[in-house]
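Encoded as structure tokens, the structure appears first; notes follow it.
The values are calculated or read from the model by the stated rules, or taken from the named source; none is laboratory data. Small disclaimer: the values here were computed from a predicted structure and weren't measured. Here the Cβ is made from the backbone with ideal geometry for all residues, glycine too, and neighbour counts use every protein chain on show.
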Amino acid sequence: MTRTVVYDTEIACDKVIVGLLEDGAFSSWTLTGPADLEAMATVRTHLTGARLVGFNNLAFDTYVLDGIFKGRSPQELHAAVKVLIGKGTDAAGRNQHPWQKAEQLGLRPSGFSEIDLLHYCKQASLKVYEARLGFDRIVEIPFDPEHGIGDREEETLAYLEHDCRATAALHAALGEEIAARETLAAMFEIPALVTNMPASAAETVIVAEYGKRTGVEKAELAAMAKRFRDCDIAIEIAPWVQTLAEGTVAAEVIAKITGTTVKYRGGERVAIEPPLPTTVVIGDLTVAFGVGGLHSKDGPNRADSTDVEVVTDYDVSSYYPALLLAPGGAPRDLDADAFTAIYRGLLDRRLAAKAAGRKREADALKLTLNSTFGKTGAPWSPLFSPISFLRTTLNGQLALIALIDRLQREGGATVCSANTDGSSSGIAATKRQRSPQ
């Protein structure tokens, strides 16, 4: 079984302290100058083969470790950290990723097997998760990095140990999510999937499977996708959606958005001309409309039992993945037949695992399916295909609008809510019928 070592670092202008938590025991080392290379060789030997667990470590601490092993002084690391956490832009004015800034500083990931828990939960500070996990107290940093740790090392060690134990508690709470990722790694024989961000893990799976099927490697896919970073896209509405929309509000929306052009520059969406409608009114329901998902704008509602005969909840499993499999849904530069075969195979496996109660396997495949759609809108991904991204989101919303309208027209049905989140689409409807007085 792989050893787990939770770690965290504290950096000031005078000292760097690294804290390690393994099997419940906390240890640390403090640097006031460049690290002793012999001592670091011993540390490297100990950490090699272990799994390092941190919080936001893959955007921060991993580069600090690399700097320590390269013999950087606390002063050098303090200066580097200010660059890492500061705002930086590239030549085109885009915000830089941490890895881009680290590369400019001559720093690289540590080289150890690492998990960043921020990749497994929503973006929030560790302090927020401490509160949710029931920690009695939230400890604040006891020193000013600009003025140094000085004689507050004992307080800093207590703070560091507290954060390591909070990280360990969060790691335990995320056990199922991590296990699902391990299942995915084993399923496709790609160990790095455990440490990748969710979207990157999905991209790795799809690209690897596509390479096996077609012989086209990631670099070639990335080169093809790059051309979409600067393009003008005419919105496309699938024929099956146009047919479904006939006689509904969705047909009116289609008429309004036909001829709309979406402009991308440097991979970013910069203009939609003419603008898309922001809301659509369907009977007594108003929904937000755009290039994302469909969300109802109605507030909480309550129906008295004397007014409602039937309450029905409709849920479409893997809604966006199903739309990617529709004609024209595949990323535009990929061989549609090859992508569809891979993606449908994943979807079928996920639904079969879900039906059989194999939750861990189903969750692992769900991650891949949903994140693949997200990557069609990510400009640095080899799966980047804004045409597919827009086609999926807009066709998905229009199909729901048409369905909602039909439900409202038949049998007095009133839609109470509608939403899409990629993994599923839900519509709740009530059939109203006043009971006899």
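Observations
- Filter result for the condition that a residue is in contact (Cβ under 8 Å) with a residue 40 or more places away in the chain, small (Gly, Ala, Ser) and under 27 Å from residue 177 (Cβ atoms), over 125, 113: 113
Conditions (1) acidic (Asp, Glu); (2) at pLDDT below 95, marked per residue:
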{"position": "157", "(1), (2)": "no, no"}
{"position": "172", "(1), (2)": "no, yes"}
{"position": "179", "(1), (2)": "no, yes"}
{"position": "184", "(1), (2)": "no, yes"}
{"position": "189", "(1), (2)": "yes, yes"}
{"position": "200", "(1), (2)": "no, yes"}
{"position": "218", "(1), (2)": "no, yes"}
{"position": "224", "(1), (2)": "no, yes"}
{"position": "227", "(1), (2)": "no, yes"}
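- Index of the failed condition, residue 223 passing every other in (1) exposed (fewer than 15 other Cβ atoms within 10 Å of the Cβ); (2) in the same structural domain as residue 15 (by TED's automatic domain parsing): (2)
- Residue count for the stretch 384-395, restricted to those that are in a helix (DSSP H, G or I) and either at pLDDT below 90 or among the hydroxyl-bearing types (Ser, Thr, Tyr) (or both): 3
- Extreme residue, surrounded by the most Cβ atoms within 10 Å (Cβ to Cβ), among residues of the stretch 280-293 that are under 24 Å from residue 262 (Cα atoms) and in contact with a Lys or Arg (Cβ under 7 Å, 6 or more places away or on another chain): 287
- Residue 54 vs. criteria assigned by TED's automatic domain parsing to the domain that holds residue 106, at negative phi and touching a Leu at 6+ places or on another chain (Cβ under 6 Å): no
- Members of the stretch 167-190 found to be in contact (Cβ under 8 Å) with a residue 12 or more places away in the chain and of a type outside the set (A, V, I, L, M), listed by number: 167, 171, 176, 177, 181, 182, 183, 188
- Residue satisfying condition, being modelled with pLDDT of 90 or more and either crowded, with 20+ Cβ neighbours inside 10 Å or not in a loop (DSSP other than H, G, I, E, B) (or both), within set 381, 417: 381
- Restricting the stretch 136-175 to residues that are in contact with a helix residue (DSSP H, G or I) (Cβ under 7 Å, 6 or more places away or on another chain) and not β-branched (Val, Ile, Thr), the residue that is farthest from residue 29 (Cα to Cα): 174
- When residues of the stretch 254-267 are limited to those that are in a strand (DSSP E or B) and in contact with a strand residue (DSSP E or B) (Cβ under 7 Å, 6 or more places away or on another chain), the one surrounded by the fewest Cβ atoms within 10 Å (Cβ to Cβ): 261
- Any hit, the stretch 187-205, residues being over 24 Å from residue 85 (Cα atoms) and in contact with a Pro (Cβ under 9 Å, 6 or more places away or on another chain): yes
So that you can scan it fast, the table gives a plain yes or no per residue for (1) of a type outside the set (A, V, I, L, M); (2) not in a helix (DSSP H, G or I):
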position	(1), (2)
204	yes, no
209	yes, no
236	yes, yes
242	yes, no
247	yes, yes
252	yes, no
269	yes, yes
272	no, yes
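- Within the stretch 352-372, the set of residues being surrounded by 17 or more Cβ atoms within 10 Å (Cβ to Cβ) and either among the basic types (Lys, Arg) or in contact (Cβ under 8 Å) with a residue 24 or more places away in the chain (or both) comprises 354, 361, 363, 364, 365, 366, 367, 368, 369, 370, 371, 372.
- Matching residues, the stretch 128-153, being in contact with an Asp or Glu (Cβ under 7 Å, 6 or more places away or on another chain) and either in contact (Cβ under 8 Å) with a residue 40 or more places away in the chain or outside any loop (DSSP other than H, G, I, E, B) (or both): 148, 149, 150
- Residue 90, sole failed condition from (1) out of contact with any Asp or Glu (no Cβ under 9 Å at 6 or more places or on another chain); (2) surrounded by 15 or more Cβ atoms within 10 Å (Cβ to Cβ): (2)
- Scanning the stretch 23-46 for residues that are in contact with a strand residue (DSSP E or B) (Cβ under 9 Å, 6 or more places away or on another chain), of a type in the set (A, V, I, L, M) and within 20 Å of residue 163 (Cβ to Cβ) returns 31, 43.
- Listed by first and then second residue, the pairs with beta-carbon distance under 9 Å, at least 6 apart or on different chains, first residue in the stretch 31-48 and in contact (Cβ under 8 Å) with a residue 60 or more places away in the chain, second surrounded by 13 or more Cβ atoms within 10 Å (Cβ to Cβ) and of a type in the set (A, V, I, L, M, F, W, C), are 47/5; 47/20; 47/65; 47/112; 48/112.
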